[in-house]
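K.L.:
Okay, handing you the structure first.
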Amino acid sequence: MGDQRAHTFNFNAGPSALPTEVLEEVREHLVDFQGHGLSIMEMSHRGKVYEDVHDQAIRDLRELMQISDDYEVLFLQGGASLQFAMLPMNFLAKDRQAGYLLTGSWSEKAEEEARRFGKTRIAASTREENYQRVPTLQEIVYDEADAYLHVTSNNTIYGTQWATLPEGNGTPLIADMSSDILSRPVDVSKFAMIYAGAQKNLGPSGVTVVIARKDFLLHAAQDVPTMLRYETHAKSRSLYNTPPTFGIYVLSLVLQWAKRQGGVDGLAHSNSEKAALIYDAIDQSEGFYRGHAAKESRSLMNITFRLPTPELEKAFVARSVQEGFLGLAGHRSVGGCRASTYNAVPHAACVALRDLLRDFAQKNG
Ligand SMILES: *Cc1c(COP(=O)(O)O)cnc(C)c1O
């Protein structure tokens, strides 16, 4: 590992920090995987060595998220963005409607994509409020005619998160958990399907995790191309064609690392401590920093904030880069600053950011 890593605080929004332990393990086995004389990247996906890694990753995710046998765990490709289309292709017929909760850019994209296939309905939206909060549970309008109700559990760009996830109330509930999967306990049994691109909390980009209830999958359309049918992948344990073997291998190491951190409960505890360090610095700055999110909707994964002027924001980001902080500029669409504090971001990095925030405010406030 280059020396520089020890002096770097990675707050990138995605792809984002991976545990150093995991990367060191990858390096150790990169050229000669467990004494087999070749890299795992060079092995058949139909061989026992790879299949063991693959199956263990599925078992570990089941264990970590307490996923019952009523659910399939799939490893797909195409990112969360392909799920925006694959979901309606399979579950939204032309003459049907689906409900979408609009809470930010990603949920807008998901809803737009669904409109190519059927009708959509906005079950609640905070767009008029510049997505500073997620709707209250009371604001959600249910409709029995919905084929499903789609929610984005954490809004990566705006920095908001559902503190309590909505219920389906009889409608199959689908969640895009790309930016907070495995960061806190979730009752999987409340969802018909959960999906997440791996590159925020689970591993490298290139793998998309889908957790889907078997009886929900039975309702899928039959006229969808083979690779875009959930059933294809469910029937073959995600080995219908060549899966992203290296990505799944790294993901498997991240899951083992997550177990060593005390599982989802341990990670959730650490994540709330990490986020509190930074939110406290924002709240104690006497208005120098202003959080974008309303307090009750604050994300524990993506902390968005502004400084008094765009010039100060630039100066803050410039100084942060000099001191080894990466990824603190906000998303191009919303500006300001953002710190992504995913599972693998160490507590010490958040302490360092808190200190930087305090010092910068003191010198420039
Ligand atoms: C990053 C992100 C996406 C897009 O993921 P890709 O894997 O790049 O397609 C979708 N939804 C949410 C909530 C995200 O954070």
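K.L.:
So between Ala276 and Gln138, what do we pick up on full extension, going 0.36 nm a residue minus the alpha carbon distance?
P.N.:
Contour length minus the Cα-Cα distance gives 47.0 nm.
K.L.:
Under the classification rounded if a/c is under 1.5, otherwise prolate if a/b is larger than b/c and oblate if not, where does region 263-364 fall, given a ≥ b ≥ c as square roots of the Cα gyration tensor eigenvalues?
P.N.:
Verdict is prolate for region 263-364.
K.L.:
In debye to the nearest 20, how big a dipole does region 263-364 give about its Cα centre with +1 on each Lys and Arg Cβ and -1 on each Asp and Glu Cβ? Walk me through the numbers on the way to the answer.
P.N.:
On the way: 12 positive and 11 negative charges, 62 e Å.
Value, rounded to 20: 300 debye.
K.L.:
Considering only DSSP beta bridges where both residues belong to the chain, give the percentage that are antiparallel (nearest 5). It would help to have the intermediate numbers written out before the result.
P.N.:
Working: 21 of 39 bridges.
That works out to approximately 55 percent antiparallel.
K.L.:
Taking every eigenvalue of the Cα gyration tensor of the chain, multiplying by 5 and rooting it, what semi-axes result, largest first, whole Å?
P.N.:
Details: eigenvalues 221, 164, 50 Å².
Its equivalent ellipsoid spans semi-axes of 33, 29, 16 Å.
K.L.:
Rank by packing, highest mean first: peptides 114-124, 245-255, with packing defined as the count of other Cβ atoms within 10 Å averaged across residues.
P.N.:
Per-residue Cβ counts within 10 Å, averaged per peptide and sorted highest first, yield 245-255, 114-124.
K.L.:
If R₀ is 41 angstrom, what is the calculated FRET efficiency for the pair Glu323 and Asn169, using the beta carbon separation as r and rounding to 0.05?
P.N.:
The pair Glu323/Asn169 has a calculated efficiency of 0.25.
K.L.:
Run the helix sum for the chain: -39,500 (n - 2.57) per DSSP H stretch of 4+ residues, divided by residue count, reported at 222 nm to the nearest 500 deg cm²/dmol.
P.N.:
Theoretical 222 nm ellipticity from helices: -11000 deg cm²/dmol.
K.L.:
Another question about this same structure. Sort region 153-260 into rounded, prolate or oblate with this rule: let a ≥ b ≥ c be the square roots of the eigenvalues of the Cα gyration tensor; rounded if a/c is under 1.5, and if a/c is not under 1.5, prolate when a/b is larger than b/c, oblate otherwise. Write down the numbers at each step before the final one.
P.N.:
Numbers: a/c = 1.88, a/b = 1.07, b/c = 1.76.
Oblate, since a/c reaches 1.5 and b/c is not below a/b.
K.L.:
What FRET efficiency comes out for the pair Asp3/Ala221, r = Cβ-Cβ distance, R0 = 51 Å, nearest 0.05?
P.N.:
After rounding, the FRET efficiency stands at 0.45.
K.L.:
Right, next: For Arg115 paired with Met41, estimate the spin-label separation in nm (one decimal), with each label point 7 Å from Cα along the Cα-to-Cβ line.
P.N.:
Once both label points are built, they end up 4.1 nm from each other.
K.L.:
Pairs on different chains or at least eight residues apart, Cα atoms closer than 19 Å: how many lysine pairs in the chain fit?
P.N.:
Number of lysine pairs found: 12.
K.L.:
Right, another one. Is region 315-365 best put as rounded, prolate or oblate by its Cα gyration tensor, with a ≥ b ≥ c the root eigenvalues, rounded for a/c under 1.5, and otherwise prolate when a/b is larger than b/c, oblate when not?
P.N.:
oblate
K.L.:
Ranked highest first by average number of other Cβ atoms within 10 Å, how do 283-291, 41-49, 94-102 line up?
P.N.:
Numbers: 283-291: 15.6, 41-49: 12.4, 94-102: 19.4.
Descending packing order for the listed peptides: 94-102, 283-291, 41-49.
K.L.:
Round to a whole angstrom and tell me the spacing of the C-alpha centers of region 59-78 and region 222-293.
P.N.:
With region 59-78 and region 222-293 each reduced to a Cα centre, they are spaced 13 Å.
No value in this document is a laboratory result; all are computed from the given coordinates. Quick caveat, the model's predicted, so the values are computed rather than measured. Note: ideal-geometry Cβ built from the backbone for every residue, glycine included; neighbour counts use all protein chains shown.
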